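J.: Below is a structure I'd like to ask you about.
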Amino acid sequence: MKDKTIAILNTMRSHLLLHLLLVYVTTVLVFIIGKLIFMGYNVGSESLSLADIMAVVAHGLSLDLSTAIYLILLPIVVAMLYVWIGRWHWWSVVLRVYYAIISLMVVLALLADCCLYEFWGFKLNSSVMQYLDSPQGLADSVSAWYLMAVAAVLAIASWAAYKMISFSLPRDGRSLSLRSKIYATLLFILSIAPLIVGIRGGLSESTTNVGQVFFSSRQFLNHAAVNPLFSFLSSFGHSQSDYCRYDYFDAKQCASMVAEVYTTESISDSTLLNTRRPDILMIIMESCGAVFTSIGGRSEVTPNLNRLMTEGVSFSDCHANSWRTDRGIVCILSGYPSFPTASVMKMPEKSRTMPSIASTLKKEGYQTSFVYGGDINFTNMKGYLLATGFDQLVCDQDFTSAQRRSAKWGVRDDIIFDRVYDMITEKHDSPQLLSVLTLSSHEPWDVPTKVIDDKILNAFHYLDSCIGKLISRLKASSQWSNLLVVIVPDHGIYYDGLDNSQPMRSHIPMIWTGGAVAKAATIDKTCNQSDLAATLLSQLSIPHDNFEFSRDVMSSSYRYPSYMYTYDNGMLFCDSTGYIGYDLGAGIFTADSAGTETNRMRLFDKAKAILQITSNNLKNRQ
């Protein structure tokens, strides 16, 4: 009897261990396949050698192994309970349901990571949750629907593999003696320690983190090595409400460190305009970074913008503050900075307290309007616009159903600009501010014309042609002589390997044109798009002291040309001595042109101080 019990126990133990091992190995293999799909889908113009691919898999393996342990914790618990309560059918159902869930979860993470990376430029994380209130917008961002078919096949294959593995479990758990069951349980308990070590990534003080798999100066390879499920789950440690965690210096020291960065005083004898109260048309271009213009060496994509740079005032070294539309709009209209993990627009209790170009101009007698051809409720845009001074909002619902279906995101740009032309040229007794946000130069890049084979470049060419036609029509109107047209993008995009560690990613054109512009000029001072508010209001002789983080680029008080760019859990800071990029999650520098270690740390401290003082300002706003 004793020999039989030992034999059963040995059989149980070997089968259970084999089952858990097969589940673990299968999960890791799915992660590796996901890496290969990610690289194949997002490689673009990147050159990938076999050595690169092997390096990605090898360096990313530690994170894959750790993440896979999380996913076998429930099977381990089930196996332990199975030792005590044999009833195979019940545990079989539990495991099959669980394996179906994790198959779907893992593959959805791989799918979202692949599809969103080409637009966002970083790995899947909790920021995607901020946009689930507008799922159609997220769906429209995914242009490669065939990837969903690949994901479905992978999910089904993964579940089938898990289901097949589940048959490796023995059916005779109830035949064990009490002593054998206790012995088996002790073995499971003893396995807890190595599991914890595996989850935390070893015995050192540093625990498992995204940065441990970074190995290359090419950020694409580093990102390819990161496990998307781990990246997503771990990012919840720094949520939307966790925007005030930057606490590096005491308050007095921090204020001293940023005193030269932010000055609200305007001291200038020159003017860019020939009138103090022009009508203002502000065109916020979706995603149109400088890389698509002559600034980035391209003449064929945006010929109209390139021409307008020479005809009007071009701010040639302007940089976006952030990487998303909801962030960029606040930076432009409120002259407010951006944050690595938080969207101010999605915080109604905070965004309503923001200063705004619109509310400031309203006090000067301006009519204020905002036009967008998509869903204006996306990311609380409507709430922000109404709270900050826009009286008239025009959105997709103000167009015909056919016009709303003209593009995935809503009403395409040429139709929108027809409405904008009518609004600008209609008779009005008061000066007006009309802001328009374009949408056609966005994934899935569905535009009605095809001039360039590259679908992304073609979409920006279409946007440029729409702007060119609008400007030509406005030039022929009587309103042109008193019109200021400000053209600025909300952000740049990940294109042709241009990731967030490179200054050109944030580099954007900013153009002032129209009959109200006194003369053509190129302003080559380094600045942020958030500096538009103070610069514009100063040119209109309107005080802007309440715009604490917006700087008048034309003022003699602007003595520290610099810019700060934040993206998801990362930042890039630049002044005349160089720039540094830093991944706050991984805790590593991603870019560095500072020249010396001393200067690198000076730039790093300056960037940290900016994060601290701006996030504290946001925290205290009410």
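J.: Could you list which residues have their amide H under 5 Å from that of H491, counting only those 5 or more apart in sequence or on another chain, with H placed in the peptide plane?
T.: It is S287, C288, by chain and number.
J.: Please report, in whole Å, how far the alpha carbons of segment 350-430 spread along each principal axis, starting with the longest.
T.: The Cα atoms of segment 350-430 stretch 38, 34, 14 Å along the principal axes, largest first.
J.: Okay, next question. Scaled to the compact-protein estimate 2.2 N^0.38 Å, what is the alpha-carbon radius of gyration of segment 294-371, rounded to two decimal places?
T.: Dividing the Cα Rg of segment 294-371 by 2.2 N^0.38 Å gives 1.38.
J.: Express the C-alpha Rg of segment 276-416 as a ratio against the empirical globular expectation 2.2 N^0.38 Å, rounded to two decimals.
T.: Rounded to two decimals, the normalised Rg is 1.13.
J.: Holding the Cα-Cα limit at 22 Å, pick out from K252/K619; K408/K450; K252/K606; K382/K450 the pairs that are longer than that.
T.: Violating the 22 Å Cα-Cα cut-off are K382/K450.
J.: What distance in nm separates the two pseudo spin-label positions at L22 and Q622, each 7 Å out from Cα along the beta-carbon direction?
T.: About 6.0 nm separates the two model spin labels.
J.: Go through S556, M571, M601 and say which Cα lies farthest out towards the positive end of the charge dipole of segment 539-622; charges sit on Cβ, +1 for Lys and Arg, -1 for Asp and Glu.
T.: Looking along the dipole axis, the top candidate is S556.
J.: Give a residue-ordered list of calculated ³J(HN,Hα) values for segment 434-448 (Karplus: 6.51 cos²θ - 1.76 cosθ + 1.60, θ = phi - 60°; whole Hz; x for Gly, Pro).
T.: Listing the rounded values in order: 10, 9, 9, 10, 7, 9, 6, 8, 8, 3, x, 6, 8, 10, x Hz.
J.: What's the ranking of 393-401, 283-291, 574-582, 328-336 by average number of surrounding C-beta atoms within 10 Å, highest first?
T.: 328-336, 283-291, 574-582, 393-401
J.: Per residue, how large is the accessible surface of segment 328-412? Use a 1.4 angstrom probe and give square angstrom.
T.: With the other protein chains kept in place, segment 328-412 gives 33 Å² per residue.
J.: Looking at segment 472-622 from every direction and averaging, what is the projected area of its Cα convex hull in nm²?
T.: So the Cα hull casts an average projection of 12.0 nm².
J.: Moving on. Could you tell me what fraction of 2.2 N^0.38 Å the Cα radius of gyration of segment 547-622 comes to, as a two-decimal ratio?
T.: 1.18
J.: As an exercise, take the mean of 1/r over every pair of distinct alpha carbons in segment 400-514, invert it, and state the Kirkwood radius in angstroms.
T.: 15.8
The values are calculated or read from the model by the stated rules, or taken from the named source; none is laboratory data. All of these numbers come straight from a predicted model, not from anything done at the bench. Glycine also receives a Cβ, built like all others from the backbone with ideal geometry; neighbour counts cover every protein chain displayed. These area figures cover heavy atoms from the full protein model, side chains too; ligands, DNA and RNA do not enter into them. Shrake-Rupley method; radii C 1.70, N 1.55, O 1.52, S 1.80 Å.
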